């Protein structure tokens, strides 16, 4: 199964509810990029926007916390209606953060930046629900896909099979029809796409095309 997770970072925030509704038939998760202006240079949104989304949609809210101190804000995201929170392995304190997210009743994600080896995540994979492989440097939408993410996806899928893990592999950055096939063929099951969906003339059609490309690649790889 392939999940499509449109990233609201690329949506029109002046009409966010309408943007979400336009892609809902092809939306499995909504990806919510939270940036603190410190861990990454950009500054985006927080729990109030998550709460507004929750009032508007029943979609699974997949919150990617690009933050230096996510532990200080986890309860606020849970209260706002998040379904999952993903933290970065690069900030440290990973075990404590995993426990904190789990204790709030949320699904737990761990993210890894392009320059970080997958070995940094391996000790934690049995404790999380998803690994988010960044295929761009986090902080801004619309970047080009970095091919060095593909071996990370392959390696994570190998570890999950070897250890019998129920682990989703999510990929974020530069995902479009072409790269969707690449990452799905490598073993990813959850695809985050922002500008390729919300920047398209017909966002729903674009999301459907990304899904078809990924599902075709999965079928081809058995």
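Name the single residue, out of those in segment 166-182 being part of a strand (DSSP E or B) and touching a helix residue (DSSP H, G or I) at 6+ places or on another chain (Cβ under 6 Å), that is surrounded by the most Cβ atoms within 10 Å (Cβ to Cβ). Only one residue tops the list, namely 171.
Taking the conditions (1) in contact (Cβ under 8 Å) with a residue 24 or more places away in the chain; (2) at positive phi; (3) surrounded by fewer than 23 Cβ atoms within 10 Å (Cβ to Cβ) in turn, residue 209 satisfies each one other than (2).
Restricted to segment 183-195, and to residues there that are free of Cβ contacts under 8 Å to residues at least 60 places away in the same chain and buried (at least 22 other Cβ atoms within 10 Å of the Cβ), the residue that is nearest to the chain's Cα centre (by Cα) is 188. The strands (runs of 3 or more DSSP E) found wholly in segment 79-165 and carrying at least 1 residues that are more than 27 Å from residue 221 (Cβ to Cβ), touching a strand residue (DSSP E or B) at 6+ places or on another chain (Cβ under 7 Å) and touching a residue at least 40 places away in the same chain (Cβ under 8 Å) occupy 84-88. As a summary of the residue check, residue 41 satisfies the conditions (1) more than 19 Å from residue 199 (Cβ to Cβ); (2) at pLDDT below 95; (3) touching a helix residue (DSSP H, G or I) at 6+ places or on another chain (Cβ under 9 Å) except for the one numbered (3). Residue under question is residue 58, and the condition is that it be in a loop (DSSP other than H, G, I, E, B) and either without any contact (Cβ under 8 Å) to a residue 60 or more places away in the chain or under 18 Å from residue 36 (Cβ atoms) (or both); does it hold? It is true that residue 58 is in a loop (DSSP other than H, G, I, E, B) and either without any contact (Cβ under 8 Å) to a residue 60 or more places away in the chain or under 18 Å from residue 36 (Cβ atoms) (or both). Residues in segment 1-43 that are touching a residue at least 60 places away in the same chain (Cβ under 8 Å), in a helix (DSSP H, G or I) and more than 25 Å from residue 71 (Cα to Cα): 10, 19, 22, 23, 25, 26.
The values are calculated or read from the model by the stated rules, or taken from the named source; none is laboratory data. In this text, all values refer to a predicted model and were calculated from it rather than measured experimentally. Reconstructed Cβ throughout: ideal geometry from the backbone, glycine too, with neighbour counts over all protein chains shown.
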